[in-house]
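Since the structure comes first, as structure tokens, the remarks are kept for the end.
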Amino acid sequence: MNHTRRRLGRLAACVAAVSLPGLSLAQPSMASANRPARLLVGFAPGGSSDIVARLIAMKLTEVDGQHVVVENRAGAGGSIAAEAVSRSKPDGQTWLIAPSGHATLAAMRKKLPFDPVKDFSWVSTITTYPLLIGVRPDSPYKTLQDVLDAARKNPGKISFSSVGMGTAHHLLGEWLNAAGKVELLHVPFKGDSLALTEVLAGRVDLFISTMTAGLAQVQSGRIRAIAVSSAKPFPLLPSVPTIDSTLPGVAYESWLGIAVAPNTPPAIVDHINAELRKVLALPDVKKKLADLGGQASPSTPEQFRDRVARDIERFDDVVKVRHIEKQ
């Protein structure tokens, strides 16, 4: 009898331990009850990645009571923060806000200190937004087809802006060159504001910008949008045609998402994913992301991983076809 009681006592103790919040196997916590999760941002405060990171961190605290501290690890195109997460413990306590520049970085760099796909556990996209192609209001080019026709007649004379070599802006312009069999001239700048000044002055023909930077310029009438890079019309600019409608197959969206360390247990990844979905369903979060030019876009971990791998492959092809030197 005493032996049976001791066995039941040990079983009860095991069940109680598994039921404790910090030890739950069915509902793993995102972070220890004693310390918050860290969300690493690979860029300086004030940019779109930082703004979205702080929005998500704040809302996770409100919705779930989960404390998330944003840390800016700026430098090397975001790779410093990415490397830190790739080398962190797989316990779900160190997160990366991964930008779509992660894919262009992988396509443009000869070598990175991590595998851009395998060295992360991909959790979910947060927001997606297309790039836009715009012109000054009095530009003779009314459509993307007008641009392509002019470029075929005048190779190297029609120019497009970017915010630097190897950025999505640059590689989208080169993708237009490859798919349209034209030679648009790339003119890199150190920021959208400088590019906008030159386009409005008539010294550069095409303004290629992320929607986060370009939407306000279109809405104010300073830029006339002639195409968006998404596969479908963008809800905030529904009358603007897609690039794909002129050059089939040319479709791309920028994104921001959450990744964690490689080999993080699927139960932890799924739990973070579920909490992010709650946040992204909030009306005020949707509005804030729309104000930034994007849409709330939760995904499964598998969908996010596939998106990253696909974008790297697409841009790597552009780099090869256009003979762009890797850095």
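Which residue out of 244, 205, 138 is charged (D, E, K, R) and in contact with a strand residue (DSSP E or B) (Cβ under 8 Å, 6 or more places away or on another chain)?
205
Restricting to the range 304-327, and then to whatever is touching a residue at least 24 places away in the same chain (Cβ under 8 Å) and surrounded by fewer than 14 Cβ atoms within 10 Å (Cβ to Cβ), can you tell me which residue is farthest from residue 172 (Cα to Cα)? Lay out the reasoning, then the answer.
Step one: filter the range 304-327 for residues touching a residue at least 24 places away in the same chain (Cβ under 8 Å), giving 304-305, 307-309, 311-312, 314-316, 318-319, 321-322, 324, 326-327.
Checking the rest, the ones that are also surrounded by fewer than 14 Cβ atoms within 10 Å (Cβ to Cβ) come to 321, 326-327.
Working: 321: 13, 326: 16, 327: 18 Å.
Checked the range 304-327; the qualifying residue farthest from residue 172 (Cα to Cα) is 327.
I'd like to check something: does the range 254-264 contain any residue that is under 29 Å from residue 143 (Cβ atoms) and in contact with a helix residue (DSSP H, G or I) (Cβ under 9 Å, 6 or more places away or on another chain)?
yes
Take residue 195 and decide whether it is in contact (Cβ under 8 Å) with a residue 12 or more places away in the chain, small (Gly, Ala, Ser) and assigned to a helix (DSSP H, G or I).
Yes; evaluated as a whole, the condition is true for this residue.
State yes or no: is residue 187 assigned to a strand (DSSP E or B), at pLDDT 95 or above and among the β-branched types (Val, Ile, Thr)?
yes
List pairs: first in the range 279-299 and within 10 Å of residue 128 (Cβ to Cβ), second crowded, with 21+ Cβ neighbours inside 10 Å and aromatic (Phe, Trp, Tyr), Cβ under 6 Å, 6+ apart or cross-chain?
Taking only residues 6 or more apart or on different chains, the pairs are 294/129.
Give the residues of the range 116-161 that are over 29 Å from the mean Cα position of the chain (by Cα), of a type in the set (D, E, K, R) and closer than 22 Å to residue 218 by Cβ, sorted by residue number.
138, 142, 146 - these are the residues of the range 116-161 that are over 29 Å from the mean Cα position of the chain (by Cα), of a type in the set (D, E, K, R) and closer than 22 Å to residue 218 by Cβ.
Look at the range 130-156 and say how many of its residues are under 16 Å from residue 200 (Cα atoms), part of a loop (DSSP other than H, G, I, E, B) and either in contact with a Pro (Cβ under 9 Å, 6 or more places away or on another chain) or in contact (Cβ under 8 Å) with a residue 24 or more places away in the chain (or both).
Adding up the residues that qualify gives 5.
Restricting attention to the range 95-117, report how many residues are of a type in the set (Val, Ile, Thr) and within 25 Å of residue 37 (Cβ to Cβ).
The qualifying residues number 2.
Is the range 118-130 home to any residue that is surrounded by fewer than 20 Cβ atoms within 10 Å (Cβ to Cβ) and either within 30 Å of residue 279 (Cα to Cα) or out of contact with any Cys (no Cβ under 6 Å at 6 or more places or on another chain) (or both)?
Within the range 118-130, one or more residues are surrounded by fewer than 20 Cβ atoms within 10 Å (Cβ to Cβ) and either within 30 Å of residue 279 (Cα to Cα) or out of contact with any Cys (no Cβ under 6 Å at 6 or more places or on another chain) (or both).
Is it true that residue 253 is free of Cβ contacts under 8 Å to residues at least 40 places away in the same chain and either over 20 Å from the mean Cα position of the chain (by Cα) or within 25 Å of residue 173 (Cα to Cα) (or both)? Break it down into steps so the answer makes sense when it comes.
On the way: free of Cβ contacts under 8 Å to residues at least 40 places away in the same chain: no; either over 20 Å from the mean Cα position of the chain (by Cα) or within 25 Å of residue 173 (Cα to Cα) (or both): yes.
So residue 253 does not fit the description; no.
Applying the selection to the range 68-95, what residues are surrounded by 15 or more Cβ atoms within 10 Å (Cβ to Cβ) and at positive phi?
If the condition is that a residue be surrounded by 15 or more Cβ atoms within 10 Å (Cβ to Cβ) and at positive phi, then 76, 77, 78, 92 are the ones that fit.
Could you tell me whether the range 49-67 includes any residue that is more than 17 Å from the chain's Cα centre (by Cα), surrounded by fewer than 17 Cβ atoms within 10 Å (Cβ to Cβ), at pLDDT 95 or above and assigned to a loop (DSSP other than H, G, I, E, B)? If you could, list the steps in order and put the result at the bottom.
Of the range 49-67, the ones more than 17 Å from the chain's Cα centre (by Cα) are 58-67.
Within this subset, residues satisfying the condition of being surrounded by fewer than 17 Cβ atoms within 10 Å (Cβ to Cβ) are 58, 61-63, 65, 67.
Within this subset, residues satisfying the condition of being at pLDDT 95 or above are 58.
When the remaining residues are screened for being assigned to a loop (DSSP other than H, G, I, E, B), the result is none.
For the range 49-67, residues more than 17 Å from the chain's Cα centre (by Cα), surrounded by fewer than 17 Cβ atoms within 10 Å (Cβ to Cβ), at pLDDT 95 or above and assigned to a loop (DSSP other than H, G, I, E, B): absent.
The values are calculated or read from the model by the stated rules, or taken from the named source; none is laboratory data. None of the values given here were measured: they were computed from a predicted structure. Positions of Cβ are generated from backbone atoms using ideal geometry, with glycine treated the same way; all protein chains shown enter the neighbour counts.
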